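The structure under discussion appears below in the form of structure tokens.
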Amino acid sequence: MNGAESLIRTALAAGVNVCFANPGTTEMPLVAALDGVEGMRAVLGLFEGVCSGAADGYARMMDRPALTLTHLGPGFANSIANLHNARRARSPVVNVIGDQATWHLAADAPLTSDIESLARPVSAWVRKCASPDAIAGDMSDAIVAAGHAPGHVATLIVPSDCQWSPASGPAAPARIPQLPAVGDDSIRKSAELIRKYGAKAVLFMGANALRARGLSAAALIAAKCGCRLMCETFPARVERGGAMPNIEKLPYFPEQALEALGKSDAVVLVGAPTPVAFFGYPNVPSVMIPEGRECATLAEPYDDAAGALEALAEALSAPRGTSATPSIKLPALPTGELNAATIVAAIAATMPEGAIVMDEAATTGLPFFSYSGGAPAHSYLALTGGAIGQGLPCATGAAVACPDRKVIAFQADGSGMYTLQALWTQARERLNVTTLICNNRRYRILQVELARAGVTEPGSKARSLTSLGNPEINWSQMAAGMGVPAVRVETAEDLVVQLRRALAEAGPNLIEMLI
Ligand SMILES: Cc1ncc(C[n+]2csc(CCOP(=O)(O)OP(=O)(O)O)c2C)c(N)n1
């Protein structure tokens, strides 16, 4: 066995069996090993940001890592923006990057670069393999580092001679630490606050508090004590609809966020860090909890937040079965022009049970959360790190993870243009993704931010830098060119018809909404 085979066999033994790849010459032994060893699914992405975003989406749905395989520093660098989003999502991801043969590094060949320095800002764990015999242990350590729940990005750099040389291995799977339980003190303090403030308290939730177990416990607490339930602005994954409680989401703009949290006198953090504004603005604070609120931390993001909520429910004597199970309540089918309200109503009214909604719809998606709480059970994924271009790749990875569920990629046009190659991967892998493009032909959020900055009459350069017209982008033609059947719609009635058709079809499709 060579080093490359040892790496793949070690990954497979640990249950890691999908590799989102865009390889080059320094990864050829690994590419050969994917054929030489049974069991690893190899998925080609035509841009490395597709690979990293797909690994993030896969991890959010599977709670275990996929591999990315990228080529040297430049190839890996293309994957960084979506690794930034994966880091913010706390997703487990294992990056494997080939490097020049150890003895060839000194020659400073054209593609040689400092890979470790590129990897460090987005990786909780970085290592470069020192020898072929070290590969199995290094891979096993990378998987443990990534899997430390909720998850981390781990990056292993493997010189090509280490891949092709004879190696020992594979390594047996190592134990991955469980999420630690929170201490009694945190539970006691949080219980005190909820008892004291009742309906004037809010549970502010993130990480695994937003999965079914955590939300069910949160619903019991809310039913008993009347407190509000809210999640982060950009959650990695929230279970919604069906039997899940209809929680609020912290608004994006800081004035609205301050107002939303300002309605409560006490904030209990559950698996979420203290909420802060996305950007600094003059005379707006960083922290979104207004002064004078009492705060407690029930669980940090790397604690067992779901277990903590169950313990809190117990401490508050909120027994099982006391929360009213929310019923399905769909919005009315929209009619008339396509705008944010009619589009989100159409999606919420037609999405099937078990759907996975990846929301990178930017300004068009703002009202989605408030319309979809009464939809059938579904998972909602958001743009965690604000680095746009995550939606189409993340939807692709989620569809690889969950072939029996329908993925809806709710996608703004400007953000979609960063990683539209994901459509090709969806076509090649026959993935069940319905992409809804919000074609508003502009960077609308930037126009809003210009206005917020007091620019009431943008000049020609500001207008040009925030417009996607001239030439207008034809998403239906681009999708068709990559093997994804597409239609255009211009009314809410048409959107409903096309959504029903598209969501019933197998394989990928795209609906371009001209707004
Ligand atoms: C990687 C990255 N580059 C640039 C930005 C800055 N940025 C934020 S939103 C945005 C445009 C969003 O436009 P679009 O996706 O079309 O959505 P809309 O605002 O029109 O709803 C840009 C360029 C960013 N957040 N991330």
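All of the numbers you see were taken from the coordinates with simple rules; none came from a lab. None of the values given here were measured: they were computed from a predicted structure. As a convention, Cβ positions derive from the backbone with ideal geometry for all residues, glycine included, and neighbour counts pool all protein chains shown.
See the values below:
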item: Potential lengthening between F278 and D494 on full extension [0.36 nm per residue; Cα-Cα distance subtracted]; result: 74.2 nm
item: DSSP-defined beta bridges in the chain - what % are antiparallel, rounded to 5; result: 10
item: All Cα pairs of the range 431-515, percent lying beyond 16 Å; result: 60
item: Value at 222 nm in deg cm²/dmol, rounded to 500, when DSSP H runs of n ≥ 4 in the chain each add -39,500 (n - 2.57); result: -11000 deg cm²/dmol
item: Cα pair count fraction exceeding 28 Å, expressed as % - the chain; result: 56
item: Extension gain from R441 to D63, taking 0.36 nm per residue of separation minus the Cα-Cα distance; result: 132.5 nm
item: Across K200/K249; K200/K224; K189/K249; K249/K329, pairs whose alpha-carbon gap is larger than 20 Å; result: K189/K249
item: Most to least packed among 438-448, 180-190 [average Cβ atoms within 10 Å]; result: 438-448, 180-190
item: Among 384-392, 85-93, the order from most to least packed when residues are scored by Cβ within 10 Å on average; result: 85-93, 384-392
item: At 0.692 mPa s and 37 °C, Stokes diffusion of the range 44-148 via Kirkwood alpha-carbon radius, µm² per second; result: 233
item: Approximate spin-label separation S464-K263, in nm, with each point projected 7 Å along Cα-to-Cβ; result: 4.5
item: Cα-based shape type of the range 1-42, given that a ≥ b ≥ c are square roots of the gyration tensor eigenvalues and the cut on a/c is 1.5; result: oblate
item: Per-peptide average of other Cβ atoms within 10 Å, ordering 241-254, 394-407 highest first; result: 394-407, 241-254
item: Relative contact order computed over the chain (Cα-Cα under 8 Å; 6+ residues apart), in percent; result: 14
item: Sparse-neighbourhood loop sites, GluC sites (Glu not before Pro) in the range 273-320 - DSSP loop, at most 13 other Cβ within 10 angstrom; result: E291
item: Separation of the A172 and K189 label points, Cα + 7 Å toward Cβ, nm; result: 4.2
item: For the range 183-275, share of DSSP beta bridges that run antiparallel, in % to the nearest 5; result: 0
item: Relative contact order computed over the range 1-141 (Cα-Cα under 8 Å; 6+ residues apart), in percent; result: 27
item: Extended-chain gain in nm, criterion 0.36 nm per residue less alpha-carbon gap, K200 and S113; result: 25.8 nm
item: For q = 0.09 Å⁻¹, Debye-computed log10 I/I(0) when each Cα of the range 116-243 counts as one equal scatterer; result: -0.46
item: Spin-label pair C295/S327, simplified geometry with 7 Å Cα→Cβ offset, distance in nm; result: 4.0
